[in-house]
Amino acid sequence: MMYQESADVATSLPTKSPLNSTVTLNGKNKTVEEMHGQWDSFKFAPIRESQVSRAMTRRYFKDLDTYAESDIVIVGAGSCGLSTAYMLAKARPDLKIAIIEASVSPGGGAWLGGQLFSAMVMRKPADAFLRELGVPYEEEGNYVVVKHAALFTSTVLSKVLQFPNVKLFNATAVEDLITRQNADGSLRIAGVVTNWTLVTMHHDDQSCMDPNTINAPIVISTTGHDGPFGAFCVKRLVSMQQLEKLGGMRGLDMNVAEDAIVKRTREVVPGLIVGGMELSEVDGANRMGPTFGAMALSGVKAAEEALKIFDE
Ligand code: 48N
């Protein structure tokens, strides 16, 4: 479809352009180099504001419809959630994977190393995941260093977002879990209850802002350790009496913490797998502080646990 270079595009542009139509200017795609020194005659292709609105809303509402029934929901797009999503999407392109992230910016606590320092440490063998992603690092013997945590996080985020079977719903909070009763009276998790995060934050001062839902046979919760939004799903398990109490995250011990988090990543109640630092709240595991190998490998394990259930 060729754009006409007319001054008033209001009448000439179609009101309903097909999704994903490819457009070329003057019959070809321009290159950045061609723009150098041409700014006097520079002009964007014409558009009508409603086209921008429709380009966003059509896709978003199509995604809401598509992922209303998901195969797997990942709650929390921090380093563990994103690592989980990468492993699952790569292994099973047939599965619909919805990631629900409360913050506008996914990535959780993995944009910086520790105390706002840039470098990210990962203890071996987590360097294997960095090589899987193609993230460069510096060798330091028993551990490796990514020169900026954002390099790891932006790389895994970019890879995850490129999978056609993954949808990231950011600025969206999980504010409850969908449950089903098994024949024996036990409960299993069967999806999540969501709302715009800004709405979730204002239930106390606005009434009746009911949520939306996503049905899924498996939910993987990686909402981090306790904090304003942290450890959401395990806290909800306690309040719905599916867990007696939380163990509470223990003091910092890197050697103990990272092994424990990876080894214990598991299905905590039927239908709900917990990984990353949220798990430390369940089991009373130590924290590891500014080292991220356990987050990556907990994600690898969480994906494996989910596929085990799927393949049962
Ligand atoms: O980065 P986090 O907090 O969680 P993890 O487990 O992916 O990584 C933890 C890691 O960053 C550490 O804490 C490091 C290793 N330090 C350890 C230590 O000892 O201090 O990401 C959790 C994500 C965040 O982006 C939240 O916004 C999001 O989960 N989130 C939610 N998203 C949707 N709905 C919710 N209810 C929700 N709660 C949290």
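Does Val73 satisfy the criteria of being open to solvent by 10 Å² or more (accessible area, probe 1.4 Å), β-branched (Val, Ile, Thr) and either within 14 Å of the ligand (Cβ to nearest atom) or over 16 Å from Leu161 (Cα atoms) (or both)? Explain how you work it out, then say what you get.
Numbers: open to solvent by 10 Å² or more (accessible area, probe 1.4 Å): no; β-branched (Val, Ile, Thr): yes; either within 14 Å of the ligand (Cβ to nearest atom) or over 16 Å from Leu161 (Cα atoms) (or both): yes.
So Val73 does not fit the description; no.
Show the residue pairs meeting these rules: Cβ distance below 7 Å; 6+ apart or different chains; first residue within the range 36-60 and touching a residue at least 12 places away in the same chain (Cβ under 8 Å); second residue surrounded by 10 or more Cβ atoms within 10 Å (Cβ to Cβ) and of a type in the set (Ser, Thr, Tyr).
From the range 36-60, the pairs are Ala45/Tyr3; Pro46/Tyr3; Gln51/Ser17.
Being under 18 Å from Val219 (Cβ atoms) and among the aromatic types (Phe, Trp, Tyr) is the filter here, so list the residues in the range 53-75 that pass it.
Tyr67
Inspect the range 270-281 for any residue being in contact (Cβ under 8 Å) with a residue 12 or more places away in the chain, in contact with a Lys or Arg (Cβ under 9 Å, 6 or more places away or on another chain) and open to solvent by 70 Å² or more (accessible area, probe 1.4 Å) and give the result as yes or no.
Within the range 270-281, none of the residues are in contact (Cβ under 8 Å) with a residue 12 or more places away in the chain, in contact with a Lys or Arg (Cβ under 9 Å, 6 or more places away or on another chain) and open to solvent by 70 Å² or more (accessible area, probe 1.4 Å).
If you take the residues in the range 89-105 that are more than 6 Å from the ligand (Cβ to nearest atom) and under 14 Å from the mean Cα position of the chain (by Cα), which one is farthest from Val160 (Cα to Cα)? First the steps, then the outcome.
The first filter runs over the range 89-105 and keeps only residues more than 6 Å from the ligand (Cβ to nearest atom), leaving 89-99, 104-105.
Among the residues that remain, those that are also under 14 Å from the mean Cα position of the chain (by Cα) are: 89, 96-99, 104-105.
Details: Ala89: 8, Lys96: 13, Ile97: 10, Ala98: 11, Ile99: 10, Val104: 16, Ser105: 14 Å.
So, considering only residues that are more than 6 Å from the ligand (Cβ to nearest atom) and under 14 Å from the mean Cα position of the chain (by Cα), the one farthest from Val160 (Cα to Cα) is Val104.
Within the range 261-284, identify whether any single residue is over 26 Å from Ala216 (Cβ atoms) and among the aliphatic types (A, V, I, L, M), and answer yes or no.
Within the range 261-284, the subset over 26 Å from Ala216 (Cβ atoms) is 284.
Those still in the list that are among the aliphatic types (A, V, I, L, M) too: none.
No, that holds for no residue.
Within the range 55-70, which residues are away from the ligand (no atom under 16 Å from the Cβ) and not aliphatic (A, V, I, L, M)?
Scanning the range 55-70 gives Thr57, Arg58, Arg59, Tyr60, Phe61, Lys62, Asp63, Asp65, Thr66, Glu69.
Please count how many residues of the range 107-151 are within 11 Å of the ligand (Cβ to nearest atom) and buried (at least 16 other Cβ atoms within 10 Å of the Cβ).
The total comes to 11.
Of Ser207, Ser186, Ser221, which residue is open to solvent by less than 70 Å² (accessible area, probe 1.4 Å), on the phi < 0 side of the Ramachandran plot and away from the ligand (no atom under 14 Å from the Cβ)? Write out each step before concluding.
Working: Ser207 fails: open to solvent by less than 70 Å² (accessible area, probe 1.4 Å); Ser221 fails: away from the ligand (no atom under 14 Å from the Cβ).
Selected residue: Ser186, the only one of Ser207, Ser186, Ser221 that is open to solvent by less than 70 Å² (accessible area, probe 1.4 Å), on the phi < 0 side of the Ramachandran plot and away from the ligand (no atom under 14 Å from the Cβ).
Could you list, in sequence order, the residues of the range 210-240 that are of a type in the set (D, E, K, R) and free of Cβ contacts under 8 Å to residues at least 60 places away in the same chain?
Here is the first cut: in the range 210-240, the residues of a type in the set (D, E, K, R) are 210, 226, 235-236.
Within the range 210-240, Asp210, Asp226, Lys235 meet the criteria.
Can you name every residue in the range 282-294 that is away from the ligand (no atom under 13 Å from the Cβ), open to solvent by 20 Å² or more (accessible area, probe 1.4 Å) and of a type outside the set (Asp, Glu)?
Result: no residue meets the conditions.
Out of Leu237, Leu243, I need the residue that is away from the ligand (no atom under 16 Å from the Cβ) and open to solvent by less than 80 Å² (accessible area, probe 1.4 Å). Which one? Walk me through how you get there before you give the answer.
Numbers: Leu237 fails: away from the ligand (no atom under 16 Å from the Cβ).
Of the residues listed, the single one that is away from the ligand (no atom under 16 Å from the Cβ) and open to solvent by less than 80 Å² (accessible area, probe 1.4 Å) is Leu243.
Which number in (1) away from the ligand (no atom under 14 Å from the Cβ); (2) closer than 26 Å to Thr155 by Cβ marks the one condition that Ala302 misses?
The number of the failed condition is (1).
The values are calculated or read from the model by the stated rules, or taken from the named source; none is laboratory data. Because the structure is a prediction, the values reported are computed rather than measured. Positions of Cβ are generated from backbone atoms using ideal geometry, with glycine treated the same way; all protein chains shown enter the neighbour counts. Surface accessibility is based on the protein's heavy atoms, side chains included, excluding ligands, DNA and RNA. Shrake-Rupley method; radii C 1.70, N 1.55, O 1.52, S 1.80 Å.
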